[in-house]
Amino acid sequence: MNEILLAEFENPNKLLKAAEKLSDCGYSSYDVYSPFPIHGMDDAMKLKHSKLGWIVLCGCSLGLLLGFLMQTFMSLDYPLIISGKPFFSYPAFIPVTFEIMVLFSAFSTVFGMFALNKLPQHYNPIFKSDYFRKATCHGFFLGIDSNENGYDREKLRNLLSEIDAKHIEVIEDDV
Amino acid sequence: MKQKQLVGNDIEISDKFSSIIRKLFIVGGIFSAISFIIFFSDSHVSHYFYFSYLTTYMFFLTLTLGAIFIVLLQHITCAGWSVVVRRVPEVLMKNIPLMFILFIPIVFGMHDLYHWTHLDAVAEDHLLQVKRPWLNQFFFFIRIVFYFFIWSWISKNFFKRSILQDETGDHQITLDMERSSSYSMILFALTITFAAIDLVMSLTPHWYSTIFGVYIFSGSVLIAYCFTSLLYMYLRKKNYLKDIVTVEHYHDLGKLIYGFNIFWSYIAFCQFFLIWYASVPEETEFYLKHFEGSWTYVTILLCVGHFGIPFIFFISRWLKRNLKYHACMVIWICFMHFVDLYWIIIPTVAPNGIDIHFVDITLFVGIACLYLGVFFKNLNKVCLIPKKDPRLSESLNFINY
């Protein structure tokens, strides 16, 4: 049976210190929850740089290519003489190509972010905690999954209370 | 988190750059002398000389004007991060009087440079007749003096107050500068637009482009940010400001360079696109000249080198933070800005194709050395950072997340 150890901290600074401490002790698959982004948290959790940029690069290249090819195909397949220009006048394609590139980049950013964050998530055992509702306005939480290497409930409990956790809760996942 | 404080005395006024100043003035003097010898010895070159001079002149004028813009922008947005990188643009914009002196050769070359000064040609040309109220020598000189008056007024105003704050540390000065930056910005926008029209666009007096002022402006801000970044790297190499101007500041300068590079491309494309689409003979004349002979290759070089290469190879965060790479890219963009001006100005005199002359190089090196000599001479007299700015601590502790 899986379980999650949820600890609440008083303020973002304490949460940052806690994340640093856990990283230093070698834990890696824990997560922190706060109502707003905390500067320096990436470094404290020793997170790698996000891969989102590369996803957006793929999306934008695809949009660029698709936009340009679409217009080329259209103007050659259904030729119209527009102000005496040749059918394949690529300068005229650039604004639309650019717009489609932006559209595809935006889509790949949003949906890439969803995919990387494993959203939408309809069930997560952490939702069982009443305390956790505070995470959307004034609560700062740290959750450690029992899948973590070297998970030991009592040891972690001690560690967390050492680093000034306000409240510690064990959430059991019976699914 | 530990707050960084201002320590050490490497920012203080001292005679740091006297050896480099001497070298710059010597080299500048030699190369300027060579250029003038070429000018007087070869009557064939003297016509071309003025166009080459104008190209180099515009390169440094745009740099100085861009520096004014950077300073105004930082005050108008009340920017905190940029306090430690404000002194170099401030000293760069102090070169406006030098640019006014360097304008004198253009006065002598008016007849060679500007077709509309030939009154006999104007008399037969209806279009130029119509434009005569604006394009006549008397009004031209009045305007030039007026532009330089405005620019030197703005630069003096902001430089003086910033230096005053170094001594007194009065916070009111910052507020005053923020207030006056608003109308200074408007004056700056108008003067740079009309100066671009007068100095560069009137080389081809039949042609007009309503976006031309913005085109020159975008290039000037780009080059000013590039030089700011480069000069701080030079200071860093000389072991000044090592802990003060950090990678974070270079990263942000890199972002601005990248942004303004795209802005330049956007404006350049807009200008071309509308003229190409509308196909009005008066307007297309300019671009036809640039698709002739070897100018086609310069046009392609501009598209690829000014837009494509920086767009792809300067996009990454890691590359902007790698200072050696950053410096290479910035030098490349500076070179491209010169090519851009060369591409605008030289086809008027060499319509058949590129014709790089020895005088192009000597003039550029000569004026560049004089310009930097005056720059370092002014930098010698001031602190390397605005040490009593109220936002200094914010700038010292600035980090990109």
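Coordinate-derived values only; no laboratory data. Quick caveat: nothing in here was measured; it's all calculated off a predicted structure. Cβ atoms come from the backbone with ideal geometry, glycine included; neighbour counts cover every protein chain shown.
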What's the longest uninterrupted piece of chain B once you rule out the GluC sites (Glu not before Pro) that are loop residues per DSSP with at most 15 other Cβ within 10 Å?
B:125-291
Across the stretch A:2-14, in residue order, what do the Karplus-derived ³J(HN,Hα) couplings come to in whole Hz, using 6.51 cos²θ - 1.76 cosθ + 1.60 with θ = phi - 60° and x for Gly and Pro?
7, 8, 10, 9, 10, 10, 9, 10, 6, 9, x, 4, 5
Within 10 Å of each Cβ in peptide B:273-282, how many partner chain Cβ atoms are there on average? Round it to a whole number, please.
2
Which of the GluC sites (Glu not before Pro) across the stretch A:1-104 are loop residues per DSSP, with 15 or fewer other Cβ within 10 Å?
A:Glu10
Please work out the Cα convex hull volume for the stretch B:32-117 and give it in Å³ per residue.
108 Å³
Residue-by-residue Karplus 3J(HN,Hα) for the stretch A:150-164, coefficients 6.51, -1.76, 1.60, Hz, glycine and proline x
x, 6, 9, 4, 5, 4, 5, 4, 5, 4, 5, 6, 4, 8, 6
Value at 222 nm in deg cm²/dmol, rounded to 500, when DSSP H runs of n ≥ 4 in the protein assembly as shown each add -39,500 (n - 2.57):
-21000 deg cm²/dmol
What nm value, rounded to one decimal, do you get for the distance between A:Ile81 and B:Asp243 when each label is placed 7 Å out toward the C-beta?
7.4 nm
Quick one: angle between helix B:281-290 and the longest Cα principal axis of chain B, in degrees between 0 and 90, rounded to 10, please.
70 degrees
Quick check: from the Cα gyration tensor, does the stretch A:124-174 come out rounded (a/c under 1.5), prolate or oblate?
oblate
Gyration tensor verdict on chain A (Cα atoms; rounded if a/c is under 1.5, prolate if a/b is larger than b/c, oblate otherwise):
prolate
Can you give the direction-averaged projected area of the convex hull of the alpha-carbon atoms in chain B, in nm²?
20.2 nm²
May I ask for the angle, rounded to the nearest 10°, between helix B:43-76 and the longest principal axis of chain B, with both axes built from Cα atoms and the value confined to 0 to 90°?
40 degrees
Nearest-ten-degree value, helix B:137-168 long axis tilted from longest Cα axis of chain B:
10 degrees
Residue with peak Gaussian network fluctuation, chain A [Cα springs, cutoff 10 Å], from A:Pro95, A:Pro79, A:Pro37:
A:Pro79
Do the alpha carbons of any pairs in B:Lys94/B:Lys387; B:Lys131/B:Lys289; A:Lys17/B:Lys242 sit beyond 24 Å of each other, and which pairs?
A:Lys17/B:Lys242
Just want the ordering: B:Asp42, A:Asp152, from fewest to most Cβ atoms lying within 10 Å of their own Cβ.
A:Asp152, B:Asp42
Between B:Leu241, B:Leu190, B:Leu379, which gets the highest mean-square fluctuation from a Gaussian network model of chain B, Cα cutoff 10 Å?
B:Leu190
For B:Lys320, go through the aspartates and glutamates and keep the ones whose alpha-carbon is under 17 Å away, minus same-chain ones fewer than eight residues off.
B:Glu248, B:Asp252
Please work out the Cα center distance from the stretch B:88-117 to the stretch A:96-141, rounded to the nearest Å.
56 Å
Gaussian network model of chain B, Cα springs within a sub-10 Å range: biggest mean-square fluctuation belongs to which of B:Leu119, B:Leu65, B:Leu199?
B:Leu119
Give a quick list of trypsin sites (Lys or Arg not before Pro) in the stretch B:307-401 that DSSP marks as loop, anything other than H, G, I, E or B, with at most 12 other Cβ atoms within 10 Å.
B:Lys381
Please report the net charge: other residues with Cβ closer than 11 Å to the Cβ of B:Tyr48, K and R +1, D and E -1.
-4
Taking A:Lys14 as the anchor, which aspartates and glutamates have their alpha carbon closer than 14 Å to its alpha carbon, excluding any fewer than eight residues away along the same chain?
A:Glu162, A:Asp164
Just to check I understand the Karplus step: with θ = phi - 60° and J = 6.51 cos²θ - 1.76 cosθ + 1.60, what whole-Hz values come out for the stretch B:229-246, glycine and proline as x?
4, 5, 5, 5, 5, 5, 4, 4, 5, 7, 6, 9, 6, 4, 8, 9, 8, 9
Per DSSP, loop chymotrypsin sites (Phe, Trp or Tyr not before Pro) in the stretch A:10-116 with at most 16 further Cβ within 10 Å:
A:Phe87, A:Phe88
If the stretch A:52-116 were replaced by its equivalent ellipsoid, with semi-axes equal to the square roots of 5 times the Cα gyration tensor eigenvalues, what would those be, largest first, whole Å?
30, 9, 8
Candidate lysines - alpha carbon under 16 Å from B:Lys388, same-chain residues fewer than 8 apart omitted:
B:Lys4, B:Lys160
Counting only pairs 8 or more places apart or on different chains, how many lysine pairs in the stretch A:43-175 have C-alpha atoms closer than 21 Å?
7
